[in-house]
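The values are calculated or read from the model by the stated rules, or taken from the named source; none is laboratory data. Note that the structure is predicted; figures quoted are calculated from it, not measured. Note that each Cβ is placed from the backbone with ideal geometry, even for glycine, and that neighbours are counted across all protein chains shown. Protein only, heavy atoms only, side chains kept; ligands, DNA and RNA dropped before computing areas. Shrake-Rupley method; radii C 1.70, N 1.55, O 1.52, S 1.80 Å.
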Amino acid sequence: MVTRVCVLRTGGEYTPEHVRWLARQIPGLVCISDVIVDGVETIKMPNAWPGWWSKMNLFDPQLTSDDLLYFDLDTVVLGDVGELEVGQTTMLSDFYRPQLPASGLMYIRHADKASVWLEWKKNPLHHMRRCKTREHWGDQGFLRDVLNARRWDKMTPGKVVSYKVHCKGGLPDDALVVCFHGQPRPWQVKAGWIPK
C-alpha cells in the first residue's frame, strides 16, 4: 500500500488551508500534523521538531506500515500521481546542485524507514545543528548521509520540474509535478495551470 502524504507543523508560514489546497489536487492525501486539518485525514505528529525537521516523522516505522509518497505543501500537481508510486525510495535532485538530494517530493519505502529513523533518533538535536552547511542543508542534508535514494529525474524523466528552473518559458509539456522551492509560492503566481 502507498499513502500519499504531506506534513504540517504549525507556527510558521503554512496553515491548514495550504493542506486543503494540496488535498484538492491529490485524492486521498493524508496530513501528518500537530493540529487537526478539517476535511483531510490527519495523523497526529508524534514529534514536533521545528520547521522542515518535522518531515523526519515520515521515517517513524510505527506511524504507518505503508510506503509513502510525500509532497511539500508548495507543490502543484497536474495529473494522476499514480505513476510516481515507483516502489523504490526516491528523492529530488536539487534543482541547482543536482549532485545533492532534495526532499520536496519523496517516495519512501516502508522497508527503508527504520534505519533512517534509528540514526535520527540517536540525537535529533545534533543532526539539526550539524546540517546547516551548503553541502549538508536541513533534513535533506541528513538524509543524504543515511538514505540510499534514487532520483526522480532518472526514474520519471521530465515529470517532476521546478517552477523557477523549468517554467520560465511556460509549463513543460510532460510536467506532472511542479515544485515551488522557496519564493514565490504557487498561490503568489498567476498562471492558469495553478489551482486556486
Considering only the stretch 52-62, I want to know if a residue exists there that is under 13 Å from the mean Cα position of the chain (by Cα), touching a residue at least 40 places away in the same chain (Cβ under 8 Å) and over 22 Å from H127 (Cβ atoms).
no
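Each row is one residue, and each column tells you yes or no for (1) part of a strand (DSSP E or B); (2) farther than 25 Å from W187 by Cβ; (3) under 13 Å from the mean Cα position of the chain (by Cα).
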site: S65; (1), (2), (3): no, yes, no
site: L69; (1), (2), (3): yes, no, yes
site: G79; (1), (2), (3): no, no, no
site: G82; (1), (2), (3): no, yes, no
site: G87; (1), (2), (3): no, yes, no
site: L92; (1), (2), (3): yes, no, yes
site: F95; (1), (2), (3): no, no, no
site: A102; (1), (2), (3): yes, no, yes
Working only within the stretch 34-46, note down all residues that are in contact with a Lys or Arg (Cβ under 9 Å, 6 or more places away or on another chain) and either buried (at least 18 other Cβ atoms within 10 Å of the Cβ) or touching a residue at least 60 places away in the same chain (Cβ under 8 Å) (or both).
V37, V40, M45
Identify the residue in the stretch 83-111 that is of a type in the set (G, A, S) and open to solvent by 30 Å² or more (accessible area, probe 1.4 Å) and, among all such residues, is nearest to K121 (Cα to Cα).
A111
Whichever residue in the stretch 1-33 is more than 19 Å from V76 (Cβ to Cβ) and assigned to a loop (DSSP other than H, G, I, E, B) and, among such residues, is most open to solvent (accessible area, probe 1.4 Å):
M1
